[in-house]
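This report refers to the structure that appears directly beneath it.
Derivation of every value follows stated rules applied to the coordinates shown; laboratory data play no part. This is a predicted model, so every value here is computed, not measured. Please note: Cβ atoms are built from the backbone with ideal geometry, for glycine as well, and neighbour counts cover all protein chains shown.
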Amino acid sequence: MGAGEITFWAEMLVLAGTVFVVLYYIFTSRRKYKPYFDVKNQNDNKDKVAEEEEVFTVFLIGDAGSPNLNSPDPVLSLLKSQLQREGEKSSLFFLGDNVYPVGIPATTSQLHETALKRLTALLEAVKDFKGKTYFISGNHDWNKGRKGGWESILREQEYIQAFLGKENVFLPKNGCPGPVEVKLSQKTTAIIINTSWWVHTDTKPLGAKDGCTVDSKEAFFSELEAMMERNKDKKIIVIAHHPLYSNAVHGGNFHLKQHLFPLTELHKKAYVPLPLVGSLYPLYRKYVGIREDMAHPLYRKMRKRLIAIFQKHENLIYAAGHDHNLQYIKKGKQHYLVSGSGSKVHFVKQGGAGVFFTHAHRGFMRLGFCPNEVWLRIIEPVEGTPKGKVVFKQCLF
């Protein structure tokens, strides 16, 4: 075979590979925004329990910090309409990243006024809610993990408390690591932990001098275990920002687009093809990780300790945001929820061990506590209408 023939077949191989990649990308792009259901694991009696039978409800919405300010935001409008139907026996948790991109900066910053408008939009949507509202912090609230993050958290806490006229609505207080125990009902307890504290490397509070209940990392885990033990006969919901299991970016899962066009992570229109070279960034995120990824040492250590504690407790629910999608994953007898699409949507992989539902779509979650069961409903707005729809309904236990 001559040099010309070798060149010809090499070019044909490259062309065939390129066609395959493009077709595969088109195929996966069409389905990446479709909801995934693990049909074999869904309940046959999924329509048995009506909302009227619920004695207590919990709403979960994360990463809502970039709402539409020019027209009614579809998710906030839907959430508000849902909350109006609820009485005092209900709670709402904002799961962090309440203000994009860097929390509440100082008054000298050009971003200060926009930040307040974004947070105000969330507060306006819930101000008439008869139940209890709680906010926790996410990495973006901590100035995206950079210097001055703690100060940003304190400004956000002060603004939320002043607007709602209530104390103890931003937890853990003062940016402390927690854990904080909140009694939701006679048979239900929420334990709130500040996972953003663990991955924040700049100045952060710890100990009595900063108003915190623990003075070391070991003390945090000891107190968490004690809280879990005190409530072992109750239903426990752990509230946090960072997920412990995720089929999305922070869990090391990337779409082909992020390999071929990695610059779209920086700007959504930066479609500069960088095959092979472009894969270096997703692979780095998957196996090394930035501070907000499960692969990063700080995140990995925190995650390992938390999972070890939670595995001792059956039917525990862990609710987080961080990844901008909707996910329900079951590991053993623990239930892991990701409700991080309050204002943004990113890719989430379909399928996998213990994965019951994933969807790259804006929305939020609702937990209905019945006398003997707990039901999960995942609710999304319907484009072009003021209504929403339940896209997934499952009895957890």
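Points to keep in mind about this one:
- Here the Karplus curve 6.51 cos²θ - 1.76 cosθ + 1.60, taken at θ = phi - 60°, turns the phi angles of region 224-241 into couplings of 4, 4, 5, 5, 4, 5, 4, 10, 4, 8, 10, 7, 10, 10, 8, 10, 8, 9 Hz, with x standing for Gly and Pro.
- Computing FRET efficiency as 1/(1 + (r/R0)^6) for R146 and C370, where r is the C-beta to C-beta distance and R0 is 51 Å, gives about 0.70.
- Maximal additional length on extending the K34-T108 stretch stands at 22.3 nm, based on 0.36 nm per residue less the C-alpha distance.
- Residue pairs, from the table K187/K217; K187/K387; K147/K173; K349/K387; K187/K301; K132/K234, whose Cα atoms sit over 21 Å apart: K187/K217; K187/K387; K349/K387; K187/K301
- Near the amide H of L396, within less than 5 Å, lie the amide hydrogens of V374, W375, L376, all on another chain or at least 5 residues away, with H placed in the peptide plane.
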